[in-house]
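Heads up: the structure comes next, in structure tokens.
The values are calculated or read from the model by the stated rules, or taken from the named source; none is laboratory data. A quick note: this is a predicted structure, and the numbers were derived from the prediction, not measured. Glycine gets a Cβ as well: all are built from the backbone with ideal geometry, and neighbour counts include every protein chain shown.
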Amino acid sequence: MPSLNKYVIVMALLMALVGCTQAPTMKVYSLEVPQVHSIATSPYKYKVVKVAFPYSLREQISEKMNFSYSNSDYGTYLNSEWSNNIGKLLQGTFIDVLSTSKLFKAVLADTSTLKANYRLESNIFTFEHRVRDVHSYAVVSMQFALIDADTGKLVKSQRFSYEEPTITTNAKGYAEATNKVIIKLSQALLKWIRTS
């Protein structure tokens, strides 16, 4: 009987150790592609554009979800991340939005070997969950440049910046608010490209 008690105690201790060493489940979020309508008239209707992978001027572009409590107190969520590198998610989203809008004859990734008339480049200035006191926002600031692929000259450039309040101060609230920002950013991008 004493050996049975020892066995039960050892098993209980082992199960407790295994239970304590399991890492929390990683929560994965993605960008939703906004629904846009096709645009009937466009100065680029018979042109091809390549959408470049975005550059980041401040942080490394990765799957990590960035947050900040001040300009000097920032980090990444440990148990939450984007479903892919955020640059790839943004590039894919913009390709999808531009394709659906029919602003261009064709929309390609910058890795395509096909010849294009234009390049759409972008720089990420800010892409983070910003928490200040009791206020919490998804913050996105990006600059776009439409470039003539034949001459290499800048056709036009514009910076877009958004702060969208989050419902909760966790990664889920941040992801939901970021998707709202992407809708606004996509609509503004289409309007900017369409107008001279």
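Observations, loosely collected:
- Condition met for residue 100 (assigned to a helix (DSSP H, G or I), in contact with a helix residue (DSSP H, G or I) (Cβ under 8 Å, 6 or more places away or on another chain), polar (S, T, N, Q) and within 23 Å of residue 36 (Cα to Cα)): no
- Filtered residues of region 131-149 (kept if charged (D, E, K, R) and modelled with pLDDT of 95 or more): 148
- The set of residues in region 60-85 that are in contact (Cβ under 8 Å) with a residue 12 or more places away in the chain, more than 14 Å from residue 139 (Cα to Cα) and not in a strand (DSSP E or B) comprises 61, 62, 63, 83, 84, 85.
- Filter pass, residue 140 being without any contact (Cβ under 8 Å) to a residue 60 or more places away in the chain and surrounded by 17 or more Cβ atoms within 10 Å (Cβ to Cβ): yes
- Some residue of region 161-179 being in contact (Cβ under 8 Å) with a residue 60 or more places away in the chain, buried (at least 18 other Cβ atoms within 10 Å of the Cβ) and of a type in the set (A, V, I, L, M, F, W, C): yes
- Sole exception among (1) modelled with pLDDT of 95 or more; (2) surrounded by fewer than 20 Cβ atoms within 10 Å (Cβ to Cβ); (3) over 15 Å from the mean Cα position of the chain (by Cα) for residue 190, by number: (2)
- Criterion applied to 101, 80 was being more than 17 Å from the chain's Cα centre (by Cα) and either buried (at least 19 other Cβ atoms within 10 Å of the Cβ) or closer than 16 Å to residue 130 by Cα (or both), and the one residue passing it is 101.
- Strands (runs of 3 or more DSSP E) fully within region 110-186 that include at least 2 residues being among the small types (Gly, Ala, Ser) and under 13 Å from the mean Cα position of the chain (by Cα): 135-148.
- Of the listed requirements (1) more than 19 Å from residue 60 (Cα to Cα); (2) in contact (Cβ under 8 Å) with a residue 24 or more places away in the chain, residue 153 misses just one: (2).
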